[in-house]
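Read through the structure below, which is laid out as structure tokens, and then see the notes.
The values are calculated or read from the model by the stated rules, or taken from the named source; none is laboratory data. Treat the numbers as computed from the prediction; the structure is a model and nothing was measured. All Cβ positions, even for glycine, are placed from backbone atoms using ideal geometry, and neighbour counts span all protein chains on display.
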Amino acid sequence: MGNQDKPLGLVIGSMMHEMFRVLKKRVNEQSDVALTIEQFGLLYLTHKVEQEAIQKDMAEIMGKDKSSILRMVDSLENKELVRRVVDKDDRRKNRLMVTKKGEKTLEQWLEIEVELDNELMEGIDQSDLDSFYKVINHLEVKAEQL
């Protein structure tokens, strides 16, 4: 059965599953710190948003409940990859800061992912990649509107 015969969500989910499977395998072989894909995602987002990394906001961005984010933050903090800083204006808010060790871990993971991406895209024409990203962007925008 070709992918055109499958529901779109199943095709995308299957692709993501395979990519994450290989990424996790490579990271376990090459990285100094073991993380789940979700922990890596939280670490990456925390690094990207810098000063505005508030736990509550991370839950919304990742589509997770606050308790799931709290467990991930606890794990990342135990591994010394992030630290919590109480917001000086609102003591109920915790800002997340990536530590030096967290930056090094993030760098390792990103190098592994870029290498994997390059391998996966080998043999695909740039015009096909451009079309792929255009379609993915369209699907994401449409889904956000629903």
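Name the one entry in GLN4, GLN108, GLN39 that is in contact with an Asp or Glu (Cβ under 8 Å, 6 or more places away or on another chain) and either at pLDDT below 85 or part of a helix (DSSP H, G or I) (or both). Give the steps one after another, and end with the answer.
On the way: GLN4 fails: in contact with an Asp or Glu (Cβ under 8 Å, 6 or more places away or on another chain); GLN39 fails: in contact with an Asp or Glu (Cβ under 8 Å, 6 or more places away or on another chain).
GLN108 is the lone residue from the list that is in contact with an Asp or Glu (Cβ under 8 Å, 6 or more places away or on another chain) and either at pLDDT below 85 or part of a helix (DSSP H, G or I) (or both).
Residues to consider are ASP125, ASP117, ASP87; find the one that is more than 19 Å from GLY13 (Cα to Cα) and either under 16 Å from the mean Cα position of the chain (by Cα) or modelled with pLDDT under 95 (or both). Talk me through it step by step, then tell me what you get.
On the way: ASP125 fails: either under 16 Å from the mean Cα position of the chain (by Cα) or modelled with pLDDT under 95 (or both); ASP117 fails: more than 19 Å from GLY13 (Cα to Cα).
None of the others qualify; the one that does is ASP87.
With respect to the numbered conditions (1) surrounded by 15 or more Cβ atoms within 10 Å (Cβ to Cβ); (2) touching a Lys or Arg at 6+ places or on another chain (Cβ under 7 Å), which one is the sole condition not fulfilled by MET58?
(2) is the only condition that MET58 fails.
If you take the residues in region 62-100 that are acidic (Asp, Glu) and not in a helix (DSSP H, G or I), which one is surrounded by the fewest Cβ atoms within 10 Å (Cβ to Cβ)?
Pass one, region 62-100, residues acidic (Asp, Glu): 65, 74, 77, 80, 87, 89-90.
Keeping just the survivors that are not in a helix (DSSP H, G or I) gives 65, 80, 87, 89-90.
Working: ASP65: 9, GLU80: 13, ASP87: 11, ASP89: 6, ASP90: 9.
This residue is ASP89.
Select from region 13-27 the residues that are free of Cβ contacts under 8 Å to residues at least 12 places away in the same chain and of a type outside the set (S, T, N, Q) and write down the one among them that is nearest to ALA143 (Cα to Cα).
First, the residues of region 13-27 that are free of Cβ contacts under 8 Å to residues at least 12 places away in the same chain: 13-18, 21, 25.
Retained after the next criterion (residues that are of a type outside the set (S, T, N, Q)): 13, 15-18, 21, 25.
On the way: GLY13: 15, MET15: 18, MET16: 17, HIS17: 20, GLU18: 23, ARG21: 25, LYS25: 30 Å.
So, considering only residues that are free of Cβ contacts under 8 Å to residues at least 12 places away in the same chain and of a type outside the set (S, T, N, Q), the one nearest to ALA143 (Cα to Cα) is GLY13.
Among (1) part of a helix (DSSP H, G or I); (2) of a type outside the set (Gly, Ala, Ser); (3) modelled with pLDDT of 85 or more; (4) closer than 26 Å to ASP117 by Cα, there is one condition VAL49 misses while meeting the rest; what is its number?
(3) is the only condition that VAL49 fails.
Can you tell me which residue within region 52-66, out of those that are among the acidic types (Asp, Glu) and at pLDDT below 85, is nearest to THR105 (Cα to Cα)?
Our first condition is that a residue be among the acidic types (Asp, Glu); within region 52-66, this holds for 52, 57, 60, 65.
Pick out the ones that are also at pLDDT below 85 and you get 52, 57, 60.
Numbers: GLU52: 21, ASP57: 23, GLU60: 24 Å.
Across region 52-66, the extreme among qualifying residues is GLU52.
Report yes if ASN28 is among the polar types (S, T, N, Q), modelled with pLDDT of 90 or more and loosely packed, with under 14 Cβ neighbours inside 10 Å, otherwise no.
On the way: among the polar types (S, T, N, Q): yes; modelled with pLDDT of 90 or more: no; loosely packed, with under 14 Cβ neighbours inside 10 Å: yes.
Spelling it out, it is not the case that ASN28 is among the polar types (S, T, N, Q), modelled with pLDDT of 90 or more and loosely packed, with under 14 Cβ neighbours inside 10 Å.
Does LEU35 fit the bill of being surrounded by 15 or more Cβ atoms within 10 Å (Cβ to Cβ), under 23 Å from VAL73 (Cα atoms) and without any contact (Cβ under 8 Å) to a residue 60 or more places away in the chain? Explain how you work it out, then say what you get.
Working: surrounded by 15 or more Cβ atoms within 10 Å (Cβ to Cβ): yes; under 23 Å from VAL73 (Cα atoms): yes; without any contact (Cβ under 8 Å) to a residue 60 or more places away in the chain: no.
The answer is no for LEU35.
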